[in-house]
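The values are calculated or read from the model by the stated rules, or taken from the named source; none is laboratory data. Just so it is clear, the model here is predicted, and its values are computed rather than measured. Each accessible area value is taken on the protein alone, full model and side chains, heavy atoms only, with ligands, DNA and RNA left out. Shrake-Rupley method; radii C 1.70, N 1.55, O 1.52, S 1.80 Å.
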Amino acid sequence: MGAKVLERFPAGAPRGSWPAEEYAAERRAHGEPATVVMDLKSDAFLVVVPMREED
């Protein structure tokens, strides 16, 4: 099972700011099973959803 990246956010957001989590919460409110993961190589947070068979 793979994942589709919806958006990426730099890890250096201002203190107290969680843009990736906020974006994922917005997607979940619209019915998408969005999750935030960390990409260590690019030092970024990725908002991902599971790949569907038709993707």
- prompt: Averaged per residue, what accessible surface does the chain expose to a 1.4 Å probe, in Å²?
  reply: 76 Å²
- prompt: In deg cm²/dmol, rounded to 500, what helix-only [θ] at 222 nm does the chain give when every DSSP H run of at least 4 residues adds -39500 (n - 2.57) and the total is split over its residues?
  reply: -6000 deg cm²/dmol
statement: Computed over the chain, the relative contact order (Cα-Cα under 8 Å, seq sep at least six) in percent reads 47 percent
message: Rounded to the nearest percent, how much of the accessible area of the chain (1.4 Å probe, protein heavy atoms only) is carbon and sulfur?
response: 54 percent
- prompt: Residue-wise, which Karplus ³J(HN,Hα) couplings in Hz belong to the stretch 26-33, taking 6.51 cos²θ - 1.76 cosθ + 1.60, θ = phi - 60°, and x for glycine or proline?
  reply: 4, 5, 4, 5, 9, x, 9, x
